[in-house]
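Asker: I have a structure here, written as structure tokens, and I will follow up with some questions on it.
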Amino acid sequence: MNSSIQQEGIGMTSLRTRERLVQRLIDQGIQQIAVLEAIRTTPRHLFIEEALAHRAYEDVSLPIGFDQTISQPYIVARMTEIVLSALAKGGSLEKANVLELGTGCGYQTTILAQLVKRVYSIERISALLQKTKERLSQLGINNIQLKCADGRYGWPQHAPFDAIITTAAAPSIPKALVEQLAEGGVIVIPVGNSQRQELQVCRKLNGKVEVESVEPVVFVPLLEGVVR
């Protein structure tokens, strides 16, 4: 199939189907036009297995292999909106560097990359990361830097980060992430265990850390080590 047709989508992956998803997100309270437009124009069906492409624009998480999932569009939009709101208060979005833990299939990474200067993204499963590298290359996205590593330690070489977003649940906010967060920056992270998780927002203001709970969520766990 022609690559442009693949990206534009047909039938259940068409632009009209994406617009219905965007309307659902608006109905759920997502307000930022830039976030909604990034979701509307990003071909989510290319980030999942072809057999599940017909479900790409449902507001659900879907398996991507390796016991991982692509996040529900609402959660992607919500987390991105929180990051953008914080960055807008702190300065120019175009200058912002964001760290992502849990690259997965690269969908959240791609949404962020359209809205900030650069995204540094860490994935612990090397085979998953390789597939994602190929996908992002095909899409022509060039402001993302990827690394296979244990995300709990962040990426100190590129710190401080204006924002950090984590797409896996940790029992608590990793200390290394707080240390690598810029003054005025924000960490958006699911915190909890397999029974109960909540999305938390951690802000660093005047050297102090403020944590706010946003809403209940369900994510795969943030695991240690690297899978080669």
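Asker: Ranked by Cβ crowding within 10 angstrom, fewest neighbours first, how are Y120, Y107, Y74, Y153 ordered?
Answerer: Y153, Y74, Y120, Y107
Asker: For region 63-216, what is the largest minus smallest coordinate of the Cα atoms on each principal axis, given in angstrom and ordered from greatest to least?
Answerer: 41, 38, 28
Asker: To continue, here is another question. If contacts are Cα pairs under 8 angstrom and at least 6 residues apart, what is the relative contact order of region 63-216 in percent?
Answerer: Values: 302 pairs, mean separation 29.0, N = 154.
Relative contact order, region 63-216: 19 percent.
Asker: Another question, if that's okay. Assuming 0.36 nm per residue, please report the length gained on full extension of the stretch Q32 to K117 beyond their Cα-Cα distance.
Answerer: The Q32-K117 span can extend by a further 28.8 nm.
Asker: May I ask for the distance between the Cα centers of region 46-75 and region 199-228, given as a whole number of Å?
Answerer: Each part's Cα centre sits 22 Å from the other's.
Asker: Something else: Comparing G140, G151, G106, which has the greatest mean-square fluctuation in the GNM of the chain with Cα pairs linked when under 10 Å apart?
Answerer: Of G140, G151, G106, the most mobile in the Gaussian network model is G140.
Asker: Taking the Cβ of each residue in V227, V83 as the centre, tally the other Cβ atoms inside 10 Å and list the residues starting with the fewest.
Answerer: V227, V83
Asker: Please determine, in degrees from 0 to 90 and to the nearest 10, the orientation of helix 126-139 with respect to the longest principal axis defined by the Cα atoms of the chain, where the helix direction is its Cα long axis.
Answerer: Once rounded, the angle reads 60 degrees.
Asker: Let me make sure I get this right: for region 19-146, a, b and c are the square roots of the gyration tensor eigenvalues over alpha carbons, sorted descending. Under 1.5 in a/c it's rounded, otherwise prolate if a/b > b/c, else oblate. Which is it?
Answerer: oblate
Asker: How far is it, in nm, from the label point at R16 to the one at L52 when both lie 7 Å from their Cα along the line to the Cβ?
Answerer: The modelled label-to-label distance comes out at 2.6 nm.
Asker: Next up: Along each principal axis of its Cα atoms, how long is region 135-228 end to end? Whole angstroms, biggest number first, please.
Answerer: 38, 34, 24
Asker: Suppose we keep just the DSSP beta bridges with both residues in the chain; what percent of those would be antiparallel, to 5?
Answerer: In the chain, DSSP labels about 45 percent of beta bridges as antiparallel.
Asker: Please give the length that would be gained between E198 and N143 if that part of the chain were fully extended, namely 0.36 nm times their separation in residues minus their C-alpha to C-alpha distance (nm, one decimal).
Answerer: 16.8 nm
Only the coordinates and a few stated rules stand behind these numbers; no lab work does. Fair warning: this is a prediction, and the values are worked out from it, not measured in the lab. No Cβ is skipped: glycine too gets one built from the backbone with ideal geometry, and neighbour counts run over all protein chains shown.
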